Each structure stands twice: as C-alpha cells, then as structure tokens.
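FYI, it's all coordinate maths here, none of it is from the lab. The structure presented is a predicted model; accordingly, all values stated were derived computationally and were not measured. Heads up, the Cβs are rebuilt from the backbone with ideal geometry, glycines too, and the neighbour counts pull from every protein chain shown.
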Amino acid sequence: MTTRSKLGGVYPTSTIQAMDKEAHQTLKQLRSLPGNKECAECKTSPSTWASVTLGVFVCMDCAQVHRNLGAHISKVKSCMGTYLWCPDELERMKEIGNARAWALYTGGAPPGTTIDKPVSGAAFEVRDRFARDKYEAQKWMHPGGMAAVLAEERIRSPSASASAPRVLKKNGGCAKTQRKSAAGRAVKGASDAPWAAGHRMAARRWHRRRYHDAATCTFAGRRRLGNSGVG
Ligand SMILES: [Zn+2]
C-alpha cells in the first residue's frame, strides 16, 4: 500500500505511518520559528494549517481562503490531528516558510509601498482579496524569484543563512560534510575543531592502510603511527 503526497511523491504507507510522530515533531518545531508563528495571510496566531505547495503556515480560517484559491495555487493540510505528512511536504515547509515566502511574494512591491496583512478576524473577502493579489495576480512578486530572495538573505546575514552549497564549498565538498549538510543538522565551518579532527583521523587511517612504511614515512602523524607499530 502506498501514500501519495499532495506534491505527488509516492511512499510506502507503512513508512509514512512509522515516521508520523517524528513528522509532527518537525512540524511543531517549524511552526515555533518566529516567521511561522503567525499566519502567512493574516495576523492570527497560531498557524495550525499549511499550504504544502506554497510552503507557508496559515491559520484555520486562511486555510479556507487557500482552498478557495484552487488546488492549482495552493493545497492545504492540517498540522494537527491525525494528518499523515510525507517527506517531500515537510521538506517544502523547511525550504520555504513564511518569511521567505513573504520576501518572494512581496519583494517586488514598488519602493515606498507598505503591504499589510489583514488583521486577525478580518472578513473572508478581505483575506481572499489579499491572497489573490499575492498568489494569483502575483502583484508584488520579487522579479528575481527565490534565487534572489536567498541571495539577499546571504547578504543580510552571511553566517545565519549559510546555504548548503556555499558551506560544502567552504569545507571542500567532502562526502562527510555533504552528509551532515543533507541531513539538515547544524553545519559547522571547516576550521571547527571536531570536524577538522575527524578529517585528520580519516587521513591517518587511509595513510596507514595504503602507504605507511615506518622507515620512510613522511606523514605528519608518523611518530605516533610508528610507535604504534603499524606498517
Ligand atoms: Zn490567517
């Protein structure tokens, strides 16, 4: 039996069920981020629903606004209860989120324009108009798209928004580093001691297996290796 995500991914249902608890923990964490706490379309908190296509968290009322936009623009899903979440949907929410989506869909507004979200409890028509202007007409869309949004993030805060490709480059793109980045864990710089130490140990092991000869060894760690009687 398989489960199809709202983004089209197909997964074994047993896998999706097994990761359900973890998926909801991830959602809880994402929803606790400052940009995601408030609905993407109005000033309501908490944001208990999400648009998995647009990658934004919304309130229950604005989930209805999104449904009204049509599935070609937004597909919504509850972050609560018994909804099963698929890996591609979670990934989309991680990748975008409310702050990035705001920068993308309002970043092209003419200078001096203030775009204000409808207040909490605003009439359906008011929120519907706002969402249609934003997503359907793309009235204030950033002309550079998501690539420009990410580039601007890096300029604003080079360390906090270190994207995976940049970090990989910084660390020499070794397999060890790539795995860490892909898993989405905190990525540390190349000069970070434990990482550097990990690389040195790997280098030593590789050297010992391949080339070590106690008599001719010129490897930096040779004394220690030599004393251990390897070779
Ligand atoms: Zn809302």
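Averaging the Cα positions of each part gives two centres, and for the stretch 130-156 and the stretch 59-124 these lie 13 Å apart. Remark: ILE73, ILE155 ranked as ILE155, ILE73, counting other beta-carbon atoms within 10 Å and listing the fewest first. For THR3, nonlocal amide neighbours, meaning residues 5 or more places apart or on other chains whose placed amide H falls under 5 Å from its own, are TYR11, THR13. Taking only the alpha carbons of the stretch 27-117, we obtain Rg and Dmax values of 12.7, 44 Å in that order.
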